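J.: Before we start, here is the structure in question, set down as structure tokens.
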Amino acid sequence: MHPSEVLFQGSCPPVSIPVCDHYAGSEKLMRKSLALQQELGPVFDITFDCEDGAAHGNEEQHAHLLGHMLASEENRFNRIGTRVHDVASPLFEQDIKIILGHAAKKLAYVVIPKVSSADDVNDAIAVVNRHAEHNGRQNLPVHVLIETHGALADVHAIAALPQVECLSFGIMDFVSAHYGAIPGDAMRSPAQFTHPLVTRAKLEISAACHAHGKTPSHSVTTEIRDLGVVTSDAQLASRQFGYTRMWSIHPGQIRPIVQTLAPQLDEVNEAAAILSQAQAVQWGPIQHNGTLHDRASYRYYWTIVQKARANGIPLPASIQTMI
């Protein structure tokens, strides 16, 4: 049996996708992002933006541009998604129809913003599926932005939807939705990690994702000059709040996020050694470097290996036959 079948009997293994999600909304920035992804490899995702990060008034042409770029040979790794307009907008289905008409088979995911409930997400998925299936694509992954009171209230129901792969925290819209009750400095560090209403939202999103095997994606760092702030935010998001993915809004933020959130090579090597030893005894208990391990810890180390693979980290030969 494959290790994922042995270790996750009765449940689905958690989703493993790159740890950095880079947003770009103008043609110049989208092409720059594509070039950087070709240089570094698929160690980060790109989200082409139709919503807040795109210019207003040229929506139809912008959607066609995204579709052409997604379908082009420049999209070498098929790790580019798109954020469309919200489900209440008349532009939502137009975005879906145009982009999937060009590139349904190469699109990595669709990001749905500003939902107010799990019903909104189900309605959005139905539209996505109708156009995806028309263009020969089944089960296109959906990412959901949690940035309203209603979405946060329904976060476990949203995370439980099979087609949902990732939940992202939209901190700016979330803070704005409190109409001044949360101060503006809670949109950035350090207050974003200390204000009780913001930290509550972050924890509920992360907990819902981990309960259902989905990826929690942390909100943006608006500081684009001091990369130490980006690194610090990624460390806090990961170590204190359980986030395994983070947004980038500037090319300079990509490397610090990847370096912080991707598994370290020594951890990958240790995971490979433990899993190889466990497989040799048909997944029974083992002792490794004086520490006992069984299937409970094997699940953790298998997840490390999957994260490493998703982030382009070379895997030891001992583990490659298991993948």
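The values are calculated or read from the model by the stated rules, or taken from the named source; none is laboratory data. Quantities reported herein were computed from a predicted structural model and do not represent experimental measurements. Heads up, the Cβs are rebuilt from the backbone with ideal geometry, glycines too, and the neighbour counts pull from every protein chain shown. Each accessible area value is taken on the protein alone, full model and side chains, heavy atoms only, with ligands, DNA and RNA left out. Shrake-Rupley method; radii C 1.70, N 1.55, O 1.52, S 1.80 Å.
J.: Once R0 is set to 30 Å, what does the formula 1/(1 + (r/R0)^6) return for the Cβ-Cβ distance between Ile323 and Ser11, expressed as a FRET efficiency to the nearest 0.05?
T.: Computed FRET efficiency for Ile323 and Ser11 comes out at 0.95.
J.: How big is the antiparallel share of DSSP beta bridges in the chain, given as a percent to the nearest 5?
T.: Percentage antiparallel, nearest 5: 10.
J.: Determine the per residue accessible area of segment 1-102 with all protein chains present and a 1.4 angstrom probe, expressed in square angstrom. Show your work: numbers first, answer last.
T.: Details: 4590 Å² over 102 residues.
Heavy-atom SASA per residue in segment 1-102 reads 45 Å².
J.: Taking segment 199-247, which trypsin sites (Lys or Arg not before Pro) meet the DSSP loop condition and have no more than 12 other C-beta atoms within 10 Å? Intermediate results must be reported in sequence, preceding the final value.
T.: On the way: sites: Arg200, Lys202, Lys214, Arg225, Arg239, Arg245; in loops: Lys214, Arg225.
Listed in order of number, the matching sites are Arg225.
J.: What list of ³J(HN,Hα) couplings, whole Hz, do you get for segment 121-127 from phi and the Karplus terms 6.51, -1.76, 1.60, once you set θ to phi - 60° and write x for glycine and proline?
T.: Listing the rounded values in order: 5, 4, 5, 5, 4, 4, 5 Hz.
J.: Further, regarding this structure: Averaging sequence separations of C-alpha pairs under 8 Å and six or more residues apart, then dividing by the length of the chain, give the relative contact order as a whole percent.
T.: Numbers: 553 pairs, mean separation 56.7, N = 323.
It comes to 18 percent, rounded to a whole number.
J.: Given the DSSP H assignment, sum -39500 (n - 2.57) over each helix run of at least 4 residues in the chain and divide by its residue total; what's the result at 222 nm in deg cm²/dmol, nearest 500?
T.: So the calculated ellipticity at 222 nm is -14500 deg cm²/dmol.
J.: So, with a 1.4 angstrom probe, what is the percent of accessible area on the chain that is carbon and sulfur?
T.: The computed percentage sits at 52.
J.: Using alpha carbons only, how many angstrom separate the centre of segment 35-50 from the centre of segment 51-80?
T.: 13 Å
J.: Report the net charge of residues surrounding Ile171, where surrounding means a beta-carbon distance below 15 angstrom and charges are Lys +1, Arg +1, Asp -1, Glu -1.
T.: Counting the neighbours of Ile171, the net charge comes to -3.
J.: Pop out the Kirkwood hydrodynamic radius of segment 65-131 from its pairwise C-alpha distances, inverse of mean 1/r, in Å to one decimal. Don't skip to the end; give the middle numbers.
T.: Details: mean 1/r = 0.0822 Å⁻¹.
Every distinct Cα pair counted, the radius reaches 12.2 Å.
J.: Bin by bin, in steps of 10 Å, what percent of the Cα pairs in segment 122-263 do you find, going until the bin that has the longest distance?
T.: 12, 39, 33, 14, 2
J.: If I take every Cα pair under 8 Å that is 6 or more residues apart in segment 41-117, average their sequence separation and divide by the length, what percent do I get for the relative contact order?
T.: The normalised contact order for segment 41-117 reaches 37 percent.
J.: Given an 8 Å cut-off on Cα distances and at least 6 residues of separation, report the relative contact order of segment 226-271 as a percent.
T.: Once divided by the residue count of segment 226-271, the mean separation gives 44 percent.
J.: Please give me the summed charge of the neighbours of Ala208: other residues whose Cβ is under 12 Å from its Cβ, Lys and Arg +1, Asp and Glu -1.
T.: Net charge around Ala208: 0.
J.: Taking the Cβ of Phe48 as the center, what net charge do the other residues with Cβ under 11 Å away carry, scoring Lys and Arg +1 and Asp and Glu -1?
T.: Once all neighbours under 11 Å are counted, the net charge is -3.
J.: In addition: May I ask you to work out the translational diffusion coefficient for segment 125-202 at 10 °C, viscosity 1.306 mPa s, via Stokes-Einstein with Rh from the Kirkwood sum over Cα pairs, reported in whole µm²/s?
T.: 113 µm²/s
J.: With the cut-off at 1.5 for a/c, could you classify segment 1-121 from its C-alpha gyration tensor as rounded, prolate or oblate?
T.: On the way: a/c = 2.22, a/b = 1.34, b/c = 1.65.
It is oblate, given that a/c is not under 1.5 and a/b is not larger than b/c.
J.: Can you tell me the orientation of helix 196-211 relative to the chain, as the angle in degrees between its alpha-carbon axis and the longest Cα principal axis, to the nearest 10?
T.: 60 degrees
J.: Can you run phi through the Karplus equation (6.51, -1.76, 1.60; θ = phi - 60°) for segment 98-115 and list ³J(HN,Hα) in whole Hz, with x for Gly and Pro?
T.: So the Karplus estimates, Gly and Pro as x, are 5, 5, 5, x, 7, 8, 4, 7, 9, 6, 7, 5, 10, 9, 9, x, 6, 6 Hz.
J.: Further question on the same structure: When the C-alpha atoms of segment 276-323 are aligned to their principal axes, what extent does each axis show, in angstrom, from largest down?
T.: For segment 276-323, the Cα spread along each principal axis is 29, 17, 17 Å.
J.: So, one more: Enumerate the calculated ³J(HN,Hα) couplings along segment 83-90 in order (Karplus 6.51 cos²θ - 1.76 cosθ + 1.60, θ = phi - 60°), each rounded to whole Hz, writing x wherever the residue is Gly or Pro.
T.: Working through the residues one at a time gives 9, 9, 5, 5, 5, 7, 7, x Hz.
J.: Between Ala191 and Ser4, take the C-beta separation as r, use R0 = 45 Å, and let me know the FRET efficiency to the nearest 0.05.
T.: 0.65
J.: Let me ask something additional. In degrees between 0 and 90, to the nearest 10, how far off the longest principal axis of the chain does helix 265-280 point, with axes built from Cα atoms?
T.: Around 50 degrees separate the two axes.
J.: Distance between the C-alpha centers of segment 260-278 and segment 118-141? Whole Å please.
T.: Their Cα centres are 36 Å away from one another.
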